[in-house]
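Read the structure below first, then the notes.
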Amino acid sequence: DSLYPDLEAPIFNQHGGSVPEGFQLLFTNLETDDVYYTTDGTLPSDSTEDPSPVYSGPITIDSSTLVRARAFFPGSLPGEGRTEGYFLLDPSEADFSSNLPIVLLSTYEGGSPPSSDATTRKESFMLIYEPDPNTGRASFADTPSISTRSGIRKRGSSSAGFPKYAMSLESWDEFNEDQDIKPLGLSAEADWILNSRYTFDYALIRNPFLYELSNQIGQWAVKTRFVELYNDVN
């Protein structure tokens, strides 16, 4: 065996997503390495000054929680990290379903994202639930097709103050670097727009309709998908 093993990302016993009640989270692929984890959104560290908790047994998840974990081994580079987001929904929302995909977006602390001209983004976590091909409906009981860390900020200048504003979203890896995803049949990309024209278009169909017409006649335009968005951003 190598003295410097390639450390795998911890395997969680439950995929991130909406959960109806609390549960015990386990990491199931432990060998000789130590797994450090956090529940405050920070990247796990084994630093001597301020180490993260070391996994030693089940972690009780009894509220909406973002869990990040990473394996460490003396003399070896840290392993690949993994992040999962768990959401305890209000019982009134737990049975929600839609013929549209459902996007669940959380910062786990609320608050507003930075303005459109900011150089930073607010850390967030995004889950996408796609309609079941058998029923044609998406629900929180399904397994998300996309689960990713992300960073958001407001989009637009005059529209940034609308009660329902647009957001610019980047899908991130464990180090806040762009990581391509392929949601809802769209091409791989890390930069996305959650668009809501609100005051300009209450029906939310004018722009997508024209984009679709343009694509149908062979003139490139952005591709869009309608979604149901749940978020704790205000």
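Before we move on, is Lys182 touching a Pro at 6+ places or on another chain (Cβ under 7 Å) and either among the basic types (Lys, Arg) or within 19 Å of Ser112 (Cα to Cα) (or both)?
It is false that Lys182 is touching a Pro at 6+ places or on another chain (Cβ under 7 Å) and either among the basic types (Lys, Arg) or within 19 Å of Ser112 (Cα to Cα) (or both).
Could you check segment 22-57 and list, in sequence order, the residues that are of a type in the set (D, E, K, R) and either open to solvent by less than 40 Å² (accessible area, probe 1.4 Å) or modelled with pLDDT of 85 or more (or both)?
Of everything in segment 22-57, those that are of a type in the set (D, E, K, R) and either open to solvent by less than 40 Å² (accessible area, probe 1.4 Å) or modelled with pLDDT of 85 or more (or both) turn out to be Asp33, Asp34, Asp40, Asp46, Glu49, Asp50.
List pairs: first in segment 39-62 and closer than 21 Å to Lys122 by Cα, second part of a strand (DSSP E or B) and open to solvent by 70 Å² or more (accessible area, probe 1.4 Å), Cβ under 7 Å, 6+ apart or cross-chain?
Here the result reads Gly41/Glu123, each pair linking segment 39-62 to a residue that is part of a strand (DSSP E or B) and open to solvent by 70 Å² or more (accessible area, probe 1.4 Å).
If you check Tyr129 against the conditions, is it modelled with pLDDT under 95 and either in contact with an Asp or Glu (Cβ under 8 Å, 6 or more places away or on another chain) or aromatic (Phe, Trp, Tyr) (or both)?
no
As an exercise: evaluate Val233 against (1) assigned to a loop (DSSP other than H, G, I, E, B); (2) open to solvent by 50 Å² or more (accessible area, probe 1.4 Å); (3) in contact (Cβ under 8 Å) with a residue 40 or more places away in the chain and give the number of the one condition it does not meet.
It is condition (2) that Val233 fails.
Mind listing whichever residues of segment 88-111 are farther than 17 Å from Ile61 by Cβ and either open to solvent by less than 60 Å² (accessible area, probe 1.4 Å) or in a strand (DSSP E or B) (or both)?
Phe96, Ser97, Ser98, Leu100, Pro101, Ile102, Val103, Leu105, Thr107, Gly110, Gly111, listed by residue number.
Every residue, every condition in (1) open to solvent by 60 Å² or more (accessible area, probe 1.4 Å); (2) at negative phi; (3) not in a loop (DSSP other than H, G, I, E, B), yes or no:
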{"site": "Thr120", "(1), (2), (3)": "yes, yes, no"}
{"site": "Met126", "(1), (2), (3)": "no, yes, yes"}
{"site": "Pro133", "(1), (2), (3)": "yes, yes, no"}
{"site": "Gly136", "(1), (2), (3)": "no, no, no"}
{"site": "Asp142", "(1), (2), (3)": "no, yes, no"}
{"site": "Met167", "(1), (2), (3)": "no, yes, yes"}
{"site": "Asn207", "(1), (2), (3)": "no, yes, yes"}
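The values are calculated or read from the model by the stated rules, or taken from the named source; none is laboratory data. Being a predicted model, the structure only gives us computed values, none of them experimental. Note that we place each Cβ from the backbone using ideal geometry, even for glycine, and neighbour counts take in every protein chain shown. Please note that ligands, DNA and RNA were not included when accessible areas were found on the heavy atoms of the full protein model with its side chains. Shrake-Rupley method; radii C 1.70, N 1.55, O 1.52, S 1.80 Å.
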